Amino acid sequence: MDTRDVAVFLGLDVGKGANHATGMTPDSKTVLDKPLPNSEPKMRAVLDKPTAKYGNVLVVVDQPASIGALPLAVARDAGCEVAYLPGLTMRRIADLYPGQGKTDARDEAIIADAARTMLHTLRSTELDDETIAELHMIVGFGDDFAGEVTRVANRLRGLLTQIHPHLERVLGPRIQHPAVLTLLERFGSPKAIRTAGRRRLVTLLRPKALRMAERLVEDIFTALDEQTVVVTGTDAAAVIVPKLAKNLTALLDQREELALDIEELFKSHPLSELLTSMPGIGVRTGARILIDVGDGTAFPAAGHLAAYAGLAPVTRRAGSLIRGESPSRRGNKHFKRAFFLAAFAALSDPASRAYYERKKAEGKRHKQALMCLARRRVDVLFAMLRDGMFFEPQAVPQAA
């Protein structure tokens, strides 16, 4: 981002009811310091003054989504440039400034000064592509669903462990399977399951698990036979378990519907076929790449993209005593996780598997070898986006 033409750096600490704005000129003179109501007409009135008096205004926020969406939209429409300062970066920068108070005025002054003096800390918020903007919102909603599914599943497994650990060991690993949820929704206690009998349970579960219904029922009754005592709280759990199972079923159904929406939206983007041509990249990973990287033009080189993803190794050196490289703890954690999982999925590709095995032969552990593969794939992704070229499989060298 080029700030040579920026006349005012306007830091905006966004809030639910009101924001606070501080504007600084390149020579650190404060030209604006006032609350900014969360109202479009009032925001326009505040932004128009420095724009008319000084010229180009760069608006910087620490939350580009959710409550920061309206201020950025108004700023763009008013002709201002926009950017955001990541929250973790903002907190680290704040330690360089005097005072320990946490106030809106202090925060937005730090944002404005950081934008003025530390350009490299800013990130672009340009989402001119409507499809990417929609993906950003829907995928975020999907992430919330995933967290809720995990929470309810863990609560359900916890209850089963409390009243019948043997039964949980059979059902727990399959807790999200439709057959298991149907069973728990209909029969919420060990006693109710035993009373239903093998034949009834097989008939109930077979439509949901054709191949494993009989085996699952036998495993269930084997587990039931291993515990003869009734734990205190079993009757209460029998009321809660069916409700949790019903809730989890509904969440999984909604998550599946949302996944179809994400797939349809992703496939409508011009870059979708290019991204999925790379082994290991499916709809979810491709959507994450579009959200975080876009067309890649914001990154001048593959190394910048790797650093953004937290996949570039960090060199640590102290004189001649300590040397070496270690994985970065920074970067975009969502993009890093997506690319790590994509690298794991790409092990079925001969060239990726050969590179992975070569790193293992060098003494690296499984996770380290996968990280190396993910880093290598970042270079390939960058080249694909830069040149607009589909992935081309590489020939695997034959062993002599």
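The values are calculated or read from the model by the stated rules, or taken from the named source; none is laboratory data. Everything numeric in this text was worked out from a predicted model, so none of it was measured. Here the Cβ positions follow ideal geometry from the backbone for every residue, glycine too, while neighbour counts run over all protein chains shown.
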Checklist outcome for this item: Exception for residue 21 within (1) in contact with a Pro (Cβ under 7 Å, 6 or more places away or on another chain); (2) closer than 22 Å to residue 103 by Cβ; (3) buried (at least 22 other Cβ atoms within 10 Å of the Cβ) falls at (1)
Next on the checklist: Of the residues 228, 249, only one is surrounded by fewer than 20 Cβ atoms within 10 Å (Cβ to Cβ) and in a helix (DSSP H, G or I); which?
Outcome noted: 249
Checklist entry - Quick one: in segment 103-120, which of the residues that are closer than 28 Å to residue 296 by Cα and either at pLDDT 75 or above or in contact with a His (Cβ under 8 Å, 6 or more places away or on another chain) (or both) is surrounded by the most Cβ atoms within 10 Å (Cβ to Cβ)? => result 111
Next on the checklist: Among the residues of segment 49-69, are any buried (at least 20 other Cβ atoms within 10 Å of the Cβ), at pLDDT 80 or above and farther than 17 Å from residue 123 by Cα?
Outcome noted: yes
Item to check | Residues of segment 161-213 satisfying the condition of being closer than 17 Å to residue 240 by Cβ and either outside the structural domain of residue 242 (by TED's automatic domain parsing) or assigned to a loop (DSSP other than H, G, I, E, B) (or both) | outcome: 164, 175, 187, 188, 189
Checklist entry - If you check 344, 339, which single one turns out to be free of Cβ contacts under 8 Å to residues at least 60 places away in the same chain, in contact with a helix residue (DSSP H, G or I) (Cβ under 8 Å, 6 or more places away or on another chain), part of a helix (DSSP H, G or I) and surrounded by 15 or more Cβ atoms within 10 Å (Cβ to Cβ)? => result 339
Next on the checklist: So the check is Cβ under 6 Å with 6+ separation or different chains; which pairs have a first residue in segment 142-166 that's under 22 Å from residue 216 (Cα atoms) and of a type in the set (S, T, N, Q) and a second one that's at pLDDT 95 or above and in a helix (DSSP H, G or I)?
Outcome noted: 161/168
Item to check | Subset of segment 275-286 [buried (at least 20 other Cβ atoms within 10 Å of the Cβ) and either touching a Pro at 6+ places or on another chain (Cβ under 7 Å) or among the hydrophobic types (A, V, I, L, M, F, W, C) (or both)] | outcome: 275, 278, 281
Checklist entry - In segment 368-393, which residues are aromatic (Phe, Trp, Tyr) and more than 15 Å from residue 293 (Cα to Cα)? => result 390, 391
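Matching residues to (1) within 22 Å of residue 227 (Cα to Cα); (2) out of contact with any strand residue (DSSP E or B) (no Cβ under 8 Å at 6 or more places or on another chain); (3) surrounded by fewer than 19 Cβ atoms within 10 Å (Cβ to Cβ); (4) not charged (D, E, K, R):
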residue	(1), (2), (3), (4)
144	no, yes, yes, no
160	yes, yes, no, yes
168	yes, yes, no, no
173	yes, yes, yes, yes
178	no, yes, yes, yes
188	yes, yes, no, yes
192	yes, yes, yes, yes
197	yes, yes, yes, yes
204	no, yes, yes, yes
Next on the checklist: Give all pairs with beta carbons closer than 6 Å in which a residue from segment 52-78 that is more than 19 Å from residue 106 (Cα to Cα) and β-branched (Val, Ile, Thr) meets a residue that is in a strand (DSSP E or B) and at pLDDT 80 or above; count only pairs at least 6 apart in sequence or on separate chains.
Outcome noted: 57/8; 57/10
